[in-house]
Structure formats: C-alpha cells, structure tokens
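J.: Structure in structure tokens, see below.
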C-alpha cells in the first residue's frame, strides 16, 4: 500500500466505514510494536501501548491533516504514548530480550557467520543499546529497524532533519565504540579462564 492508499482508507474511515481502519492496523502493526517494544522494553506493556496508540489514532483520525504521511502521524502518536507511559513508570527493570524476538526488527548484523556468533553479537548489541537514552534509541530504531527516512524521524520526534543526521552520526560512533569496548572486555574475561 502506498501513501495514496493510506489517504484513501482514512477518507473511508471518515465517511463512516470504520472497518477500513483495520487495514491500516494490519499494515503498521509491526512497525508500531517495534517502536513500542524498543522504548517500553516489556512485551506485554508494549502490546498495550501499541493498541492504545492505534485506538488514539482511530479517535483522532478527523484531526489528521494530511500534511505528513499517515505513518509519520501514527509514529508520532505511538512515540508520545510510549514517552507518556515511561514517565509514569520511571524506575523500571530493562530487558531487550523481547526486541530480539520480534520478527519485524531488522538484524543489525549482516554477517553470514555461524548462528552462535550472530547470537553473541546480538547480545552485545542489545547490551549497548540499553545504554542509549530513549530519544537516541528511538532514532536508531526508526532508522534501522523500521527504515524511516530522516525527514520522517524529524517529524516523529520533533527535531530538525540536520539534528537527526548529526545524532545518527554520533549514535553510530557511540555504538561502535561501545561494541569495541564490550568486545575487548569479553576477550579479557575469556583469557582469565
């Protein structure tokens, strides 16, 4: 489905064909859940957050002004819902286990090395991702996991496109440095035994 199809479906919903909204849910459910799990870091709560985001989008659809893509508007609603929930529950235990089990997430590691090595790389990457703040993690997830362009990320988190590019550059460097540090720590620990 293209952006034009999304607008057509929105117009159907506005015309009273509310069941048409289900096709938008089907189209964007994985992307919304991936964003929610990346920020919320709890599968059940992320599922609730995704459902709430779709519910809010459904009720707010008359306010959708078509100035941006529907997906950008929906991401913004999801992002705000996640941030709102996180503010309510600040001191949480964090786990990225759910994220690595989502089918919609794009694998950061493109190497075709054996399965065990890839799993170890995933564990190291998840450990490093936990060190990012919510905003940086959102940028990384939208860009790499969901393939969102810089323009869309800019709209979702309300910062300029140049700021998104700068932050992507800094976050990648930070991730790279942390992964090297983790790798060295693993080597030191394995040499001890």
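The values are calculated or read from the model by the stated rules, or taken from the named source; none is laboratory data. What you are looking at is a predicted structure, and each value in this text was computed from that prediction instead of being measured. In this analysis, Cβ positions are derived from the backbone assuming ideal geometry, glycine residues included, and neighbour counts consider all displayed protein chains.
Yes/no matrix, rows are residues, columns are (1) over 13 Å from the mean Cα position of the chain (by Cα); (2) without any contact (Cβ under 8 Å) to a residue 24 or more places away in the chain; (3) under 17 Å from residue 157 (Cα atoms):
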site	(1), (2), (3)
22	yes, yes, no
26	yes, yes, no
41	no, no, no
52	yes, no, no
60	yes, yes, no
65	yes, yes, no
81	no, no, yes
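J.: Would segment 128-149 turn up any residue that is modelled with pLDDT of 60 or more, touching a helix residue (DSSP H, G or I) at 6+ places or on another chain (Cβ under 8 Å), within 18 Å of residue 75 (Cβ to Cβ) and exposed (fewer than 12 other Cβ atoms within 10 Å of the Cβ)?
T.: No, every residue in segment 128-149 fails to be modelled with pLDDT of 60 or more, touching a helix residue (DSSP H, G or I) at 6+ places or on another chain (Cβ under 8 Å), within 18 Å of residue 75 (Cβ to Cβ) and exposed (fewer than 12 other Cβ atoms within 10 Å of the Cβ).
J.: Considering segment 33-44 alone, what residues qualify as being part of a helix (DSSP H, G or I), farther than 18 Å from residue 76 by Cα and in contact with a helix residue (DSSP H, G or I) (Cβ under 8 Å, 6 or more places away or on another chain)?
T.: Passing the criteria: only 43.
J.: Suppose we filter segment 45-56 for residues that are farther than 25 Å from residue 136 by Cβ and touching a helix residue (DSSP H, G or I) at 6+ places or on another chain (Cβ under 6 Å); how many remain?
T.: So the answer is 1.
J.: Is segment 166-174 home to any residue that is in contact with a helix residue (DSSP H, G or I) (Cβ under 8 Å, 6 or more places away or on another chain), closer than 16 Å to residue 36 by Cβ and at pLDDT 85 or above?
T.: So far as segment 166-174 goes, no, none of its residues is in contact with a helix residue (DSSP H, G or I) (Cβ under 8 Å, 6 or more places away or on another chain), closer than 16 Å to residue 36 by Cβ and at pLDDT 85 or above.
J.: Moving on to the next point. Would you please name the residue that is modelled with the lowest pLDDT, looking only at residues in segment 1-32 that are crowded, with 19+ Cβ neighbours inside 10 Å and under 15 Å from residue 73 (Cα atoms)?
T.: In this case the residue turns out to be 31.
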